[in-house]
Amino acid sequence: MKVYDIYSKRQKRLMGEFPDVYRYDYISKQLRVQIIHIINDAIGEHRNLQTIESFRKIHDILCREHGKLSLNEMSINDYIQQDVFDFMLETKVIEQVLDVVELSFELIDRSYRDSSFIQITRSEITPDEAIETLNYRFRENGVGYQYESGEIIRVDSQIIHAEAVKPVLLLLSDTRFQGANEEFLKAHEHYRHRRYKECLNECLKAFESTMKTICDIQGWSYQATDTAKNLINVCFQNNLIPTYLQNQFTSLKSSLESGVPTVRNKNAGHGQGSQPLTVPQYFAAYQLHITASTILFLLEAEKSLP
């Protein structure tokens with residue numbers, strides 16, 4: 001990780017000036033420049049045709065999605081990468097900054113793991129080092145976002161993120177759980193964009209998809225239309241949770257049934273009626289956290305089966 005513990009940073013720590021609480025509505029010019037340095041270290045030769053073409057794709061995506069013909073009307077082709085960076089530096093919309101970060105690191109994460117690509121571009125750091133440094137810079141600046149599994153994810157609690165969200169993303173990266181992985185990441189995407197009802201729906205889908213995949217792996221019978229409650233019954237009937245634990249923790253089954261499905265059904269699963277339902281941010285955060293913990297519990301239980 002290319003980070004230096006310089007004198008001024010040590011003094012700030014001594015004076016307690018580093019932020020203790022995450023922010024989500026502000027990304028400083030300093031952090032934006034630090035991120036550009038990381039991207040430059042990871043992509044290597046700026047004039048390389050591969051790099052120019054990669055950033056042309058990023059530029060095109062940003063223009064299309066934000067309704068622009070060009071990020072810089074005065075630009076020339078060789079400066080396409082700088083146009084992307086200038087856009088990130090100048091925009092006042094936080095989501096647009098994160099769009100550039102996500103697209104750039106998705107490129108680094110996907111393309112720059114190829115050894116032949118690295119030789120051509122002469123990268124100074126590996127994709128893993130770039131991602132580690134990015135996430136460190138987010139934490140260091142008190143900004144509550146992380147790059148995980150190809151996406152920018154909002155982090156409300158570093159402890160929960162480290163102990164539940166990251167392990168779940170790692171386990172769901174198994175290709176057999178692709179559906180659940182896509183739904184869980186989509187829930188995070190909705191959450192970051194403040195689409196909290198959609199976040200609840202995707203959480204339940206990820207929960208159900210996880211159980212269906214476990215049933216498929218183990219050869220347990222279930223109906224494609226089964227709800228979470230039915231799938232939980234299938235898992236218990238087939239001793240996904242050992243019998244002695246089921247007996248000892250009599251509330252375990254009811255906890256699973258009343259956790260993710262109930263939160264979603266009460267707040268986003270049915271018609272709203274005449275009064276639109278508003279799902280608050282803290283409620284969606286709670287749903288994400290219990291979904292991560294529950295899926296982690298189920299995946300670890302499946303791993304322990306004979």
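The values are calculated or read from the model by the stated rules, or taken from the named source; none is laboratory data. Keep in mind the model is a prediction, meaning the values are calculated, not measured. Cβ: placed from backbone, ideal geometry, glycine included. Neighbour counts: every protein chain shown.
Taking the stated definitions as given, is residue 292 at pLDDT below 85, under 19 Å from residue 209 (Cα atoms) and in contact with a Leu (Cβ under 9 Å, 6 or more places away or on another chain)? When the stated conditions are applied, residue 292 does not pass them.
For first residues located in region 215-235 and over 20 Å from residue 303 (Cα atoms), partners that are hydroxyl-bearing (Ser, Thr, Tyr) and lie 6+ apart or on another chain with Cβ distances below 9 Å form the pairs 230/222. Selection of helices (runs of 4 or more DSSP H) fully inside region 49-155 by the criterion of at least 2 residues being modelled with pLDDT of 85 or more and touching a strand residue (DSSP E or B) at 6+ places or on another chain (Cβ under 7 Å) returns 94-111, 127-140. Restricting attention to region 166-176, which residues are crowded, with 18+ Cβ neighbours inside 10 Å and closer than 14 Å to residue 301 by Cβ? The answer is 168, 171.
One residue stands out in region 51-66 among those that are of a type in the set (Asp, Glu) and more than 22 Å from the chain's Cα centre (by Cα): the one that is farthest from residue 112 (Cα to Cα), namely 60.
Only one of 183, 124, 148 is assigned by TED's automatic domain parsing to the domain that holds residue 27, crowded, with 18+ Cβ neighbours inside 10 Å and acidic (Asp, Glu); which?
148
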